[in-house]
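Student: Can you read through this structure? Questions will come right after.
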Amino acid sequence: MLEKPTWKSTLRGFLYLSPALLILITFNIYPIIRSFLMSFYTDYDYFNDVVHAFGLDNFITIFQDPSFLTALKNTGVFVIGVVPISIALSLGIAVLLNNKLKLAGFFRTIYFLPFVTSVVAVAIVWSWIFHSDYGLFNYLLSWFGIDPIAWLNDPKYAMPSLIILSIWKGLGFNIIIFLAGLQSIGKQYYLAAKVDGASAWSRFTNITLPLLSPTIFFVSIISIINGFKVFDEVFALFNGRPGPANSALTVVYYIYQKFYEEWQFGLASTAAFVLFIIIFIFTIIQLIIGRRFVHYN
Amino acid sequence: MKIRLDQLTMKFDETTAVNNLSTTINDGELVSLLGPSGCGKSTTLMLLSGLYKPTSGQIYFGNQDVTKWDAEKRGIGMVFQNYALYPHLSVLKNIMFPLKMQKVPKKEAMERAKEMADLVQIGHLLDRKPGQLSGGQQQRVAIARALVKKPNVLLLDEPLSNLDARLRLEMREEIRRIQQEVGITAVFVTHDQEEALSISDRVMLMKDGIIQQDSMPQWMYKHPENEFVASFLGNPPINLLTIVKKANGYQIGNSDQLLNVPAFTLPKEDNLDVIHIGVRPEDFFVTTNGNQTFTGKIIHIETIGRDTLIRMEIGDTTIRALVDPQHDLQVGDTCRLGVSDTNIHYFNVESGQRLHPVERSMENARETNMEEHA
Ligand SMILES: Nc1ncnc2c1ncn2[C@@H]1O[C@H](COP(=O)(O)OP(=O)(O)O)[C@@H](O)[C@H]1O
Ligand SMILES: [Mg+2]
């Protein structure tokens, strides 16, 4: 069926792609290249767009900036805190929903709500939940005799608050993806496993997990990338501050500060470039691990 | 292990997939569940396996009532129509899986799996994934996986339907060989009458969730209990003709030929003015001795294998007959066909039930006896 590619067919192909490519290049590829170059601008007159000097000074500067190091650490903690719990939780919920739960339609609306609601609205609601005097969270904790916690104002609790919010926010998307994955696993494998004497838990570990591994892999890559890019949640939850005493300062927030607040375009680009490298390395590692453990049909 | 089904019924919302089914399957027997698609064969098998729970009725394994037991507990082996091999596991791991679930030590599990793989002749494929196997090989793996835990019962759901014709023939003999070698009680589901008749000790023919006849294959073929059984079995299919009572016999298909019909043992069928008769194509013989039962004009001749199939016109009906090719027959010839009395089956027009001739009822009983002893 497939024709051999010729110059003519390739050209025609590019012609079909060109509208999409044009937009992609203008708004994605070009800015990426520009910001990559910008990270090497050590002396930049942005009023006249004149670069007086190139160099690696920006890299040295940010790695000597305690704020950037804090941002790196916070981002790492955030990713480790959010991704595993979010995946485990949404997988558990998806499995329950997949087992013909009553009120499935109702739950579908519920768990999809965080996904379609704007981050800002979500964060405002959560900042009330986390409120130290009137918040729902402290109210629940008071039942167990725990003293009120200043979730959003205590540097110790700012990051946990952010993690809780982000786990909750990621559930909807992950559940949808997991449900689709679960539904693509043939029912016959479960019947066969039952006949072979597998308990519900054995069926989950021996059938569901391996056959769902491409989906789990996909979700974990997306989640990690999204985790490294966290910004909106911080901005909205802490009212445009990176948490008390920079306790929720993330790499993207740092970039934002450098770019919009301090007009340090070079430093901002450098930080962005470092983030890109980190995400790139993680994705490569995941691909290598994935090749070993993921079963593709 | 002996299996007994007692008035088993399975209803899905609207449909009754299995309707009041009772039977006993003896230890070591291979029983076929035969019937057209949608008649409830798979459902019956799912009930036996415990994957479905019946709406009513009981299932006994030996003397134990297992009706409420889950599939995990019943210890049965099952081969699914699409084999359902675990796609992410190698052949060896697939076969070992039931043992792993029983927590058999790994070394022993591996030995037993290899033994089983040798029995089904796939010992050389142990490292492959199911996706790298042909249909026939996958089926062997599925059988090995079903048998490795030494189950009491083996259930097979149309295991041959995904194979090509040649392989099908080979594999059904293979299944019979393995079943007899292991000595296991087996239930074999198929919609292919030839398959059922050739490998099983007993055939249960189903239609719309109801067992139509439950008997030995040859008996079912020679003594169909009703018109459905008669027409479901046999290829080319049985000739079913309508005959109408006249003053001195029964008229065949609006022709001038008459048939002598015996008296029947069950006189409760008061209206025997019109009855159906069935004659299998191979039960006809060409005759010139004047002992013909049917005479007609040949309208079609074809040779299938070593037989000649003719279509003959009698009045306004046609019949198919398989005849010896040594007769020199031409289209347009008038042909005389004989058939022995015992090879004519009579059916009630309304109920489709078999009518038993009086003088042959003794003979029937003797034949039943002989087949059971054989
Ligand atoms: N899970 C089910 N839900 C509803 N109806 C079913 C289900 N399984 C089977 N049936 C119905 O029961 C009847 C028998 O089905 P089945 O046992 O699969 O037939 P067979 O295996 O003989 O082809 C069919 O009419 C089918 O539509
Ligand atoms: Mg079926």
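Student: Run residue B:292 past the list (1) over 16 Å from residue B:339 (Cα atoms); (2) in a loop (DSSP other than H, G, I, E, B) and report the number of the one that doesn't hold.
Tutor: (1)
Student: Sort out which residues of segment B:315-348 are among the charged types (D, E, K, R) and more than 23 Å from the chain's Cα centre (by Cα), and write them in order of number.
Tutor: Here is the first cut: in segment B:315-348, the residues among the charged types (D, E, K, R) are B:316, B:320, B:324, B:328, B:333, B:336, B:341.
The answer is B:316, B:324, B:328, B:333, B:336, B:341.
Student: Would you mind finding the one in B:60, B:86 that is away from ligand 1 (no atom under 15 Å from the Cβ), at pLDDT 95 or above, assigned by TED's automatic domain parsing to the domain that holds residue B:130 and in a strand (DSSP E or B)?
Tutor: Working: B:86 fails: in a strand (DSSP E or B).
After applying the criteria, what remains is B:60.
Student: Counting only residues that are open to solvent by 50 Å² or more (accessible area, probe 1.4 Å) and closer than 30 Å to residue A:244 by Cβ, which one in segment A:44-71 is nearest to the chain's Cα centre (by Cα)?
Tutor: For segment A:44-71, the residue satisfying everything is A:69.
Student: For residue B:113, are the conditions met, namely being in contact with a helix residue (DSSP H, G or I) (Cβ under 7 Å, 6 or more places away or on another chain), within 16 Å of ligand 2 (Cβ to nearest atom), within 14 Å of another protein chain (Cβ to nearest Cβ) and among the aliphatic types (A, V, I, L, M)? Let's see the steps before the verdict.
Tutor: Details: in contact with a helix residue (DSSP H, G or I) (Cβ under 7 Å, 6 or more places away or on another chain): yes; within 16 Å of ligand 2 (Cβ to nearest atom): no; within 14 Å of another protein chain (Cβ to nearest Cβ): yes; among the aliphatic types (A, V, I, L, M): yes.
It is false that residue B:113 is in contact with a helix residue (DSSP H, G or I) (Cβ under 7 Å, 6 or more places away or on another chain), within 16 Å of ligand 2 (Cβ to nearest atom), within 14 Å of another protein chain (Cβ to nearest Cβ) and among the aliphatic types (A, V, I, L, M).
Student: Only one residue in B:46, B:10 is crowded, with 21+ Cβ neighbours inside 10 Å and either more than 15 Å from ligand 1 (Cβ to nearest atom) or under 20 Å from the mean Cα position of the chain (by Cα) (or both), so which one is that?
Tutor: Working: B:10 fails: either more than 15 Å from ligand 1 (Cβ to nearest atom) or under 20 Å from the mean Cα position of the chain (by Cα) (or both).
Unique residue meeting the criteria: B:46.
Student: Kindly indicate whether residue B:188 is within 16 Å of ligand 1 (Cβ to nearest atom), of a type outside the set (Ser, Thr, Tyr) and assigned to a helix (DSSP H, G or I).
Tutor: For residue B:188, the condition - within 16 Å of ligand 1 (Cβ to nearest atom), of a type outside the set (Ser, Thr, Tyr) and assigned to a helix (DSSP H, G or I) - is not met.
Student: Show the residue pairs that are 6+ apart or on different chains and have beta-carbon atoms under 6 Å apart, the first residue being within segment B:37-64 and under 24 Å from residue B:27 (Cβ atoms) and within 16 Å of ligand 2 (Cβ to nearest atom), the second being open to solvent by 50 Å² or more (accessible area, probe 1.4 Å) and of a type outside the set (Lys, Arg).
Tutor: B:46/B:52
Student: Which members of segment A:198-208 meet the condition of being without any contact (Cβ under 8 Å) to a residue 60 or more places away in the chain and surrounded by 15 or more Cβ atoms within 10 Å (Cβ to Cβ)? Show your work before the answer.
Tutor: If we filter segment A:198-208 for residues that are without any contact (Cβ under 8 Å) to a residue 60 or more places away in the chain, which is where we start, we get A:198-203, A:205-207.
Scanning segment A:198-208 gives A:198, A:202, A:203, A:206, A:207.
Student: Going by the conditions given, is residue B:76 under 26 Å from the mean Cα position of the chain (by Cα), more than 16 Å from ligand 2 (Cβ to nearest atom) and buried (at least 20 other Cβ atoms within 10 Å of the Cβ)?
Tutor: Details: under 26 Å from the mean Cα position of the chain (by Cα): yes; more than 16 Å from ligand 2 (Cβ to nearest atom): yes; buried (at least 20 other Cβ atoms within 10 Å of the Cβ): yes.
For residue B:76, the condition - under 26 Å from the mean Cα position of the chain (by Cα), more than 16 Å from ligand 2 (Cβ to nearest atom) and buried (at least 20 other Cβ atoms within 10 Å of the Cβ) - is met.
Student: Only one residue in B:51, B:33 is under 25 Å from residue B:163 (Cβ atoms) and assigned to a strand (DSSP E or B). Which one? Give the derivation first.
Tutor: Numbers: B:51 fails: assigned to a strand (DSSP E or B).
Result: B:33 is the single residue among B:51, B:33 that is under 25 Å from residue B:163 (Cβ atoms) and assigned to a strand (DSSP E or B).
Student: With B:302, B:282 as the choices, which residue is within 18 Å of residue B:241 (Cα to Cα), open to solvent by 60 Å² or more (accessible area, probe 1.4 Å) and either among the acidic types (Asp, Glu) or assigned to a loop (DSSP other than H, G, I, E, B) (or both)?
Tutor: Checking each option against the conditions leaves just B:282.
The values are calculated or read from the model by the stated rules, or taken from the named source; none is laboratory data. Here the structure is a predicted model, which is why all the values come from computation and not from measurement. No Cβ is skipped: glycine too gets one built from the backbone with ideal geometry, and neighbour counts run over all protein chains shown. These accessible areas exclude ligands, DNA and RNA; they are computed on the full protein's heavy atoms, side chains included. Shrake-Rupley method; radii C 1.70, N 1.55, O 1.52, S 1.80 Å.
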